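The values are calculated or read from the model by the stated rules, or taken from the named source; none is laboratory data. Keep in mind it's a predicted model, so treat the numbers as computed, not measured. For neighbour counting, all protein chains shown are included, and Cβ atoms are generated from backbone atoms with ideal geometry for every residue, glycine included.
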Amino acid sequence: MPAERPAVFFDRDGTLIHEVHYCSNPSQVRAVEGAVEALVKLSNAGFALVIVTNQSGIGRGYFTQDDYHRVHEEVLWQLQPAVITATYYDESTPDQPSPRRKPSTAMLEEASREHGLDLTRSWMVGDKTSDVECGKNAGLRTVLVETGHGKDHLDCGANAVVPDIGYAAEFILQEAVCPK
Ligand SMILES: [Mg+2]
C-alpha cells in the first residue's frame, strides 16, 4: 500500500469560488483570483486537494442535487489545470444537521479512508469558524481566508488568517518546508 499523502481540504464557497447567496447555477460560479495557481502549487508539493462543502441549500429546498452537480462541474472546469482529488458535500441544514455537516470531521475521515490521506500532516482552509473548527476537530492545522465571510470570523482560532487562497497556499508551503 502506498504511503499516505497529506491533503489540503478546502471549503468551496467564499474560499475557492466567490461567495454568492446559495450558488445554484453554473453561471454564478467565479473562481477566486489566484485559486488555480495556489492549487497547482500545493498539488506539485505533494498535497491531495479535497473540497468539503456544506450545501444546506439542498436541504432547504432552494436547489436540487442535480443543480449542485452542475455547479460542481463548473467549479472543476474553472479550477483546471489543478486536479481536485475528491469532493464531499453535505446537504443538511443547521437546524437539522447530519453527522457529516461541518464542523463534524466525518467528511475528512471519509476522504482519508477513501484516498489514503494522512490527516496529521493535512490542512483545512476556509472562510468560516465552522471550517476552522472542522479542521481542528480532526487534528489538522487551519487557515482562515478573508474572502467570502472570512472577515466576520477573524477570531476563529485558526493557525493563520490570510487575505485569500493564494496567501493560504504560501503559508502552508512555508510551514510544510519549515514546520514549527
Ligand atoms: Mg464558505
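Checking the structure you have, find out if any residue of the range 30-53 is more than 15 Å from the chain's Cα centre (by Cα), closer than 17 Å to Thr85 by Cα and outside any helix (DSSP H, G or I).
Yes, some residue in the range 30-53 is more than 15 Å from the chain's Cα centre (by Cα), closer than 17 Å to Thr85 by Cα and outside any helix (DSSP H, G or I).
Return the only residue of Val36, Val83, Val32, Val52 being farther than 18 Å from Leu108 by Cβ and within 16 Å of the ligand (Cβ to nearest atom).
Values: Val36 fails: within 16 Å of the ligand (Cβ to nearest atom); Val83 fails: within 16 Å of the ligand (Cβ to nearest atom); Val52 fails: farther than 18 Å from Leu108 by Cβ.
Residue meeting the stated conditions: Val32.
Quick test for you: out of Val20, Val71, Val75, pick the one residue that is farther than 20 Å from Ile172 by Cα, within 16 Å of the ligand (Cβ to nearest atom), among the aliphatic types (A, V, I, L, M) and in a loop (DSSP other than H, G, I, E, B).
Details: Val71 fails: in a loop (DSSP other than H, G, I, E, B); Val75 fails: in a loop (DSSP other than H, G, I, E, B).
Answer to the selection: Val20.
Which members of the range 108-127 meet the condition of being touching a Gly at 6+ places or on another chain (Cβ under 9 Å) and surrounded by 23 or more Cβ atoms within 10 Å (Cβ to Cβ)?
Leu108, Ser122, Trp123, Met124, Val125, Gly126, Asp127
Quick check on my filter: what residues within the range 149-161 are within 13 Å of Val132 (Cβ to Cβ) and within 15 Å of the ligand (Cβ to nearest atom)? Spell out how you get there, then give the answer.
Here is the first cut: in the range 149-161, the residues within 13 Å of Val132 (Cβ to Cβ) are 149-150, 152-161.
Listed by number, the residues that qualify are His149, Gly150, Asp152, His153, Leu154, Cys156, Ala158, Val161.
Would you check if Val75 is in contact with a strand residue (DSSP E or B) (Cβ under 7 Å, 6 or more places away or on another chain) and at pLDDT 95 or above? Talk me through it step by step, then tell me what you get.
Details: in contact with a strand residue (DSSP E or B) (Cβ under 7 Å, 6 or more places away or on another chain): yes; at pLDDT 95 or above: yes.
Considered against the rule, which asks whether it is in contact with a strand residue (DSSP E or B) (Cβ under 7 Å, 6 or more places away or on another chain) and at pLDDT 95 or above, Val75 comes out as yes.
Thr105 - would you say it is among the polar types (S, T, N, Q), surrounded by 14 or more Cβ atoms within 10 Å (Cβ to Cβ), more than 22 Å from Gln28 (Cβ to Cβ) and touching a residue at least 60 places away in the same chain (Cβ under 8 Å)? Before you say what the answer is, go through the steps one by one.
Working: among the polar types (S, T, N, Q): yes; surrounded by 14 or more Cβ atoms within 10 Å (Cβ to Cβ): yes; more than 22 Å from Gln28 (Cβ to Cβ): yes; touching a residue at least 60 places away in the same chain (Cβ under 8 Å): no.
Here the answer is no, as Thr105 does not meet what is asked.
With (1) over 15 Å from Ile172 (Cα atoms); (2) out of contact with any Gly (no Cβ under 8 Å at 6 or more places or on another chain) as the list, and Gly148 as the residue in question, which single condition is left unmet?
(2) is the only condition that Gly148 fails.
Of all residues in the range 110-167, which are β-branched (Val, Ile, Thr) and part of a helix (DSSP H, G or I)? Show your work before the answer.
So the first thing to find is which residues in the range 110-167 are β-branched (Val, Ile, Thr), and the list is 120, 125, 129, 132, 142-143, 145, 147, 161-162, 165.
Answer for the range 110-167, where residues must be β-branched (Val, Ile, Thr) and part of a helix (DSSP H, G or I): Thr120, Thr129, Val132, Ile165.
In this structure, does Asp90 turn out to be in contact with a Lys or Arg (Cβ under 9 Å, 6 or more places away or on another chain) and either charged (D, E, K, R) or over 21 Å from Met124 (Cα atoms) (or both)?
yes
Pairs needed: first member in the range 49-64, of a type in the set (S, T, N, Q); second member anywhere, part of a helix (DSSP H, G or I) and within 16 Å of the ligand (Cβ to nearest atom); C-beta distance under 6 Å; at least 6 residues apart or different chains.
Here the result reads Gln55/Tyr68, each pair linking the range 49-64 to a residue that is part of a helix (DSSP H, G or I) and within 16 Å of the ligand (Cβ to nearest atom).
Do any residues in the range 139-163 that are at positive phi have Cβ atoms under 7 Å from those of residues that are within 13 Å of the ligand (Cβ to nearest atom) and modelled with pLDDT under 95, where the two are at least six apart or on different chains, and which pairs are they?
Nothing qualifies.
Looking at the range 1-17, which of the residues that are under 16 Å from Gly148 (Cα atoms) and part of a strand (DSSP E or B) is nearest to the ligand (Cβ to nearest atom)? Break it down stepwise before answering.
First, pick out the residues of the range 1-17 that are under 16 Å from Gly148 (Cα atoms): 10-17.
Subsequent filtering for residues that are part of a strand (DSSP E or B) retains 10, 13, 17.
Numbers: Phe10: 9, Asp13: 4, Ile17: 9 Å.
Result: Asp13.
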